[in-house]
Amino acid sequence: MSQFNFVRRCHNCGAILQSDNPNEPGYVAPEYLGDLSSRVVFCDHCYEDSRYNFAPSSPNVDNDIVTMLQDAEAADALIVLVVDIFSFENSFIPEVIDIIQGLPLVVVANKRDLMPKHQNDEDLKEYVAHRCRVAKLSCTHDDVVLCSLTSESDVSGIWEIINAKRRAHDVYVIGARYAGKTQLISCLLRSYVNPTGQSVTRVTYPGTQISVLQIPLDVSSYLYDSPGTSLSNSNVSRVNKAGFNRLVPSKEVEAKKVVMEKGDTFFIGGLAYVQMVEGEKTVFDFYASNKVETGKCSKPEAEAIFFKKLNKQALLPVPEGKLSNSDYDAYDIIVTENTRRDIGIAGLGWFNFQGANQTLRVYVLKGVGVYASRPKVAPYVK
Ligand SMILES: Nc1nc2c(ncn2[C@@H]2O[C@H](COP(=O)(O)OP(=O)(O)OP(=O)(O)O)[C@@H](O)[C@H]2O)c(=O)[nH]1
Ligand SMILES: [Mg+2]
């Protein structure tokens with residue numbers, strides 16, 4: 001009679017696991033191919049990606065934006081990268097980074113108002129610069145401007161930095177959707193003095209279909225805005241309008257204390273759940289919009305309970321459609337550092353905790369980015 005054997009595959013990329021050739025897809029050390037009953041197994045390649053702070057998946061990028069940035073590169077232009085400081089860690093796009101890597105850079109870290117007030121601004125700037133460096137952008141603390149942009153914001157300081165850094169070259173304002181580029185441009189225009197006879201116009205960028213605002217800076221250089229790059233690997237692209245309004249914080253985020261022991265599971269809306277697979281009892285500070293519903297479950301059938309709640313819309317926000325665990329990716333994050341650490345989920349929020357050899361299994365909707373990092377916000381001490 002024919003025999004059917006279970007074929008073991010990498011939980012992330014699906015490659016068939018093998019221990020024969022480290023240079024071929026699906027390689028894992030032989031000891032990991034033993035008992036698979038209690039572990040999610042990654043091939044070495046996928047394991048390295050999640051272990052060393054690389055986003056498991058990057059957002060898609062439009063060819064027109066690539067064309068525009070190739071022009072920026074040829075013109076040795078200044079790049080003004082706008083990021084939403086609440087969640088930007090998974091928004092870097094390797095294809096974009098490759099092009100802008102060698103160009104002068106200003107990072108406008110926007111939405112400071114959503115971060116806890118007690119957090120030191122200089123440390124936040126250093127965190128943003130560090131995350132840019134993790135993404136392979138050359139960036140220091142001094143390249144980062146922290147701001148909250150309302151219609152009344154005074155951005156004359158940002159103009160000064162732009163003018164000092166652009167060395168009479170063009171300027172391109174780029175960033176992910178929803179980061180605040182339009183808000184920045186409208187603030188910049190309020191304190192803009194036009195030194196030329198040319199007007200500020202909306203043009204179709206040469207060689208592309210994209211419509212950009214062209215702001216003359218002198219007779220031969222311009223500042224261009226650009227359409228936001230995709231947030232395809234963020235939870236914000238997985239929910240409807242009502243879900244989006246829950247997910248995006250409307251005020252300063254506050255830490256919610258979550259105590260977890262081995263075997264506990266924490267539900268985050270219907271978008272993610274996190275299990276403590278290994279480790280001693282740990283207090284986690286969880287930062288997210290206060291409209292995201294959460295819950296802790298200590299039962300072994302926590303996963304089934306999550307999907308029951310999810311499909312009854314009892315955990316908001318929920319992604320659309322009827323979902324099962326095959327719609328979620330799982331990452332085992334093994335914390336080897338014994339310092340404070342963050343584990344974050346794109347567009348949703350992050351946990352801060354004292355590292356102590358925990359293993360956390362993070363389940364997110366397929367393709368949603370997860371990251372591990374030094375802390376963005378220090379714990380509040382009274
Ligand atoms: N809390 C807060 N919200 C902000 C801030 N700046 C912008 N926003 C809000 O963020 C949202 C997105 O801002 P936009 O300026 O439209 O962002 P964008 O980068 O132009 O987005 P796209 O055009 O989609 O690429 C809007 O609802 C703004 O009101 C800020 O400093 N703090
Ligand atoms: Mg815009």
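If we keep just the residues of the range 86-141 that are within 22 Å of LEU69 (Cα to Cα) and of a type in the set (Ser, Thr, Tyr), which is nearest to ligand 2 (Cβ to nearest atom)? If we take residues in the range 86-141 being within 22 Å of LEU69 (Cα to Cα) and of a type in the set (Ser, Thr, Tyr), then SER91 is nearest to ligand 2 (Cβ to nearest atom). Only a single criterion out of (1) within 16 Å of ligand 2 (Cβ to nearest atom); (2) buried (at least 18 other Cβ atoms within 10 Å of the Cβ) is not satisfied by GLN214, namely (2). Against the condition more than 16 Å from ligand 1 (Cβ to nearest atom), of a type outside the set (Phe, Trp, Tyr), assigned to a helix (DSSP H, G or I) and surrounded by fewer than 18 Cβ atoms within 10 Å (Cβ to Cβ), how does ALA314 come out, does it pass? In short, no.
From ALA314, ALA356, ALA330, grab the single residue that is touching a helix residue (DSSP H, G or I) at 6+ places or on another chain (Cβ under 9 Å), not charged (D, E, K, R) and not assigned by TED's automatic domain parsing to the domain that holds ASP84.
On inspection, the qualifying residue turns out to be ALA314.
Kindly indicate whether ILE162 is within 27 Å of VAL128 (Cα to Cα) and within 13 Å of ligand 1 (Cβ to nearest atom). So ILE162 fails the test.
To keep it simple, each residue is scored yes or no on (1) within 15 Å of ligand 1 (Cβ to nearest atom); (2) assigned to a loop (DSSP other than H, G, I, E, B); (3) touching a residue at least 40 places away in the same chain (Cβ under 8 Å); (4) under 15 Å from ILE345 (Cα atoms).
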{"residue": "GLN214", "(1), (2), (3), (4)": "no, no, no, no"}
{"residue": "LEU231", "(1), (2), (3), (4)": "yes, yes, yes, yes"}
{"residue": "VAL236", "(1), (2), (3), (4)": "yes, no, yes, yes"}
{"residue": "GLY243", "(1), (2), (3), (4)": "no, no, yes, no"}
{"residue": "GLU252", "(1), (2), (3), (4)": "yes, yes, yes, no"}
{"residue": "LYS262", "(1), (2), (3), (4)": "no, yes, no, no"}
{"residue": "PHE286", "(1), (2), (3), (4)": "no, no, yes, yes"}
{"residue": "LYS291", "(1), (2), (3), (4)": "yes, yes, yes, no"}
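Considering every residue within the range 86-108, establish whether at least one is at positive phi and touching a strand residue (DSSP E or B) at 6+ places or on another chain (Cβ under 6 Å). No: the range 86-108 contains no residue that is at positive phi and touching a strand residue (DSSP E or B) at 6+ places or on another chain (Cβ under 6 Å).
For (1) assigned to a strand (DSSP E or B); (2) within 16 Å of ligand 2 (Cβ to nearest atom); (3) touching a residue at least 12 places away in the same chain (Cβ under 8 Å); (4) out of contact with any helix residue (DSSP H, G or I) (no Cβ under 8 Å at 6 or more places or on another chain), each residue gets a yes or a no:
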{"site": "GLY157", "(1), (2), (3), (4)": "no, no, yes, yes"}
{"site": "GLU160", "(1), (2), (3), (4)": "no, no, no, yes"}
{"site": "GLY175", "(1), (2), (3), (4)": "yes, yes, yes, no"}
{"site": "LEU184", "(1), (2), (3), (4)": "no, yes, yes, no"}
{"site": "LEU188", "(1), (2), (3), (4)": "no, yes, yes, no"}
{"site": "PRO195", "(1), (2), (3), (4)": "no, no, yes, yes"}
{"site": "GLN198", "(1), (2), (3), (4)": "no, no, yes, yes"}
{"site": "SER226", "(1), (2), (3), (4)": "no, yes, yes, no"}
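Residues GLU126, GLU122: which one is farther than 19 Å from CYS187 by Cβ, surrounded by fewer than 14 Cβ atoms within 10 Å (Cβ to Cβ) and either within 15 Å of ligand 1 (Cβ to nearest atom) or in the same structural domain as TYR178 (by TED's automatic domain parsing) (or both)?
GLU122
Of the candidates PHE353, PHE306, PHE267, the single residue that is surrounded by 21 or more Cβ atoms within 10 Å (Cβ to Cβ), touching a strand residue (DSSP E or B) at 6+ places or on another chain (Cβ under 6 Å) and closer than 27 Å to ASP44 by Cα is PHE353.
The values are calculated or read from the model by the stated rules, or taken from the named source; none is laboratory data. Everything numeric here is computed off the predicted structure, so don't read it as measured data. We place every Cβ from the backbone using ideal geometry, glycine too, and count neighbours over all the protein chains shown.
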